[in-house]
Amino acid sequence: NEHAFCSVLPSFFLAAIALMTCSTAFVSCDDDDDYDWENTYNALVTLKTDDSGSTYFQVDENTIAVPSNLNGKMYDGKEVRALTQFRRDNSEKLADGTEKWDVVVHWVDSILTKPAVPSLGIDTDKLTYGNDPVQVSNDWTTVAEDGYITIHFLARWGYSGEKHRINLVSGVNPDDPFEFRLCHDKMGDTGTYLAYGMAAFNIRDIIEREGEPEKITISYNASLNSTAESDHSIVLKYNQPGYSINASTSARMTKTMGVE
């Protein structure tokens, strides 16, 4: 997989981590003394490339953000989902009705981005894609928008560096093309500590075939604290924007683990 990193975050992922140091990857800090936190966003976005070869952020269905402090293509121009924090400086309406934000980016971190996979039948799915326990977090970082389902999930991990696999399986319900199953394969990892991860799954081919959904259902084996399988599900509204406004704290990713 071209983006074979599953971003795994400790359980304090959404806790307050004060933005006191500069982001080392792409940008520099602003002076905190007079910083405008009221227009600062933590956001899940799609990184896209315009005709001039510059990266911009698709914030939601009707909004794009153009970074003023990043130049050229990011991630070799590949379209990926990402978690980012930026300050919105101003906005304008474009001729096609899109709202364009001019933003200063504090940091940006890509998320494992891959297509959904087809169901092979429920029993074969469990053998092929895995059926190890995983739980889906019902927060603003689990969202369905822009042709992607982005999932913030919790699983048990070890310190050995074993690679896990995470897949979103389509076609699990013949009566509902927008019902999916999240399959986790810990690949023999016997670790027991809880950690969060994020992954984004491209479902645009299903939307092109079936039309835009009103809701999306995701089932999964949630038995993190039991040996018995326990199926749970979560329902997402499609095109619900994935961002948190007035973000005076940073939700930056702090650890990554390899996946296949």
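The values are calculated or read from the model by the stated rules, or taken from the named source; none is laboratory data. The structure presented is a predicted model; accordingly, all values stated were derived computationally and were not measured. Ideal geometry is used to build each Cβ from the backbone, glycine not excepted, and the neighbour counts take in all protein chains shown. Note: areas computed on protein heavy atoms with side chains; ligands, DNA, RNA excluded. Shrake-Rupley method; radii C 1.70, N 1.55, O 1.52, S 1.80 Å.
Among the conditions (1) at pLDDT 85 or above; (2) buried (at least 19 other Cβ atoms within 10 Å of the Cβ), the only one that TYR243 does not satisfy is (1).
Screening ASN62 on (1) open to solvent by 40 Å² or more (accessible area, probe 1.4 Å); (2) closer than 30 Å to ALA222 by Cα shows it passes everything except condition (2). Mind telling me which of the residues ASP146, ASP123 ends up being over 21 Å from the mean Cα position of the chain (by Cα), under 30 Å from PHE180 (Cα atoms) and among the acidic types (Asp, Glu)? The match here is ASP123.
Out of GLU99, GLU145, one residue alone is open to solvent by 40 Å² or more (accessible area, probe 1.4 Å) and either on the phi < 0 side of the Ramachandran plot or among the aromatic types (Phe, Trp, Tyr) (or both). It is GLU99.
Within the stretch 108-136, being touching a residue at least 12 places away in the same chain (Cβ under 8 Å), over 25 Å from GLU210 (Cβ atoms) and either among the acidic types (Asp, Glu) or surrounded by fewer than 17 Cβ atoms within 10 Å (Cβ to Cβ) (or both) holds for ASP109, ASP132.
The set of residues in the stretch 50-79 being among the β-branched types (Val, Ile, Thr) and farther than 21 Å from ASP139 by Cβ consists of THR55, ILE64, VAL66. Taking every residue in the stretch 58-78 that is within 11 Å of GLU99 (Cα to Cα) and pairing it with any residue that is surrounded by fewer than 19 Cβ atoms within 10 Å (Cβ to Cβ) and of a type in the set (Phe, Trp, Tyr), at least 6 positions away or on another chain, yields no pair with a Cβ-Cβ distance below 9 Å.
The set of residues in the stretch 191-204 that are part of a loop (DSSP other than H, G, I, E, B) and either touching a Ser or Thr at 6+ places or on another chain (Cβ under 8 Å) or free of Cβ contacts under 8 Å to residues at least 24 places away in the same chain (or both) comprises GLY191, ILE203.
In this structure, is ALA95 modelled with pLDDT under 95 and of a type in the set (Gly, Ala, Ser)? Even if it seems obvious, please write down each step before you answer.
Working: modelled with pLDDT under 95: yes; of a type in the set (Gly, Ala, Ser): yes.
It is true that ALA95 is modelled with pLDDT under 95 and of a type in the set (Gly, Ala, Ser).
Residues considered: GLY72, GLY130, GLY53, GLY77. Of these, the only one that is within 21 Å of the chain's Cα centre (by Cα), modelled with pLDDT under 95 and of a type outside the set (S, T, N, Q) is GLY77. Would a scan of the stretch 196-206 turn up a residue that is buried (at least 19 other Cβ atoms within 10 Å of the Cβ), in contact with a strand residue (DSSP E or B) (Cβ under 7 Å, 6 or more places away or on another chain) and farther than 22 Å from GLU79 by Cα? Yes: one or more hits.
When you scan the stretch 41-59, how many residues do you find that are part of a strand (DSSP E or B) and surrounded by fewer than 20 Cβ atoms within 10 Å (Cβ to Cβ)? Spell out the reasoning first.
Of the stretch 41-59, the ones part of a strand (DSSP E or B) are 41-49, 55-59.
Checking the rest, the ones that are also surrounded by fewer than 20 Cβ atoms within 10 Å (Cβ to Cβ) come to 48-49.
The qualifying residues number 2.
Among the residues of the stretch 65-100, those that are in contact with a Ser or Thr (Cβ under 9 Å, 6 or more places away or on another chain), charged (D, E, K, R) and part of a strand (DSSP E or B) comprise ARG81, ARG87, ARG88, ASP89, GLU99, LYS100. Is it fair to say HIS184 is touching a Gly at 6+ places or on another chain (Cβ under 6 Å) and surrounded by 12 or more Cβ atoms within 10 Å (Cβ to Cβ)? It is true that HIS184 is touching a Gly at 6+ places or on another chain (Cβ under 6 Å) and surrounded by 12 or more Cβ atoms within 10 Å (Cβ to Cβ). Could you check, for the stretch 13-23, whether at least one of its residues is open to solvent by 50 Å² or more (accessible area, probe 1.4 Å), in contact with an Asp or Glu (Cβ under 6 Å, 6 or more places away or on another chain) and either over 30 Å from ASN167 (Cα atoms) or modelled with pLDDT under 90 (or both)? Within the stretch 13-23, none of the residues are open to solvent by 50 Å² or more (accessible area, probe 1.4 Å), in contact with an Asp or Glu (Cβ under 6 Å, 6 or more places away or on another chain) and either over 30 Å from ASN167 (Cα atoms) or modelled with pLDDT under 90 (or both). Scanning the stretch 161-177 for residues that are without any contact (Cβ under 8 Å) to a residue 40 or more places away in the chain and among the charged types (D, E, K, R), we see that the one that is most open to solvent (accessible area, probe 1.4 Å) is ASP175.
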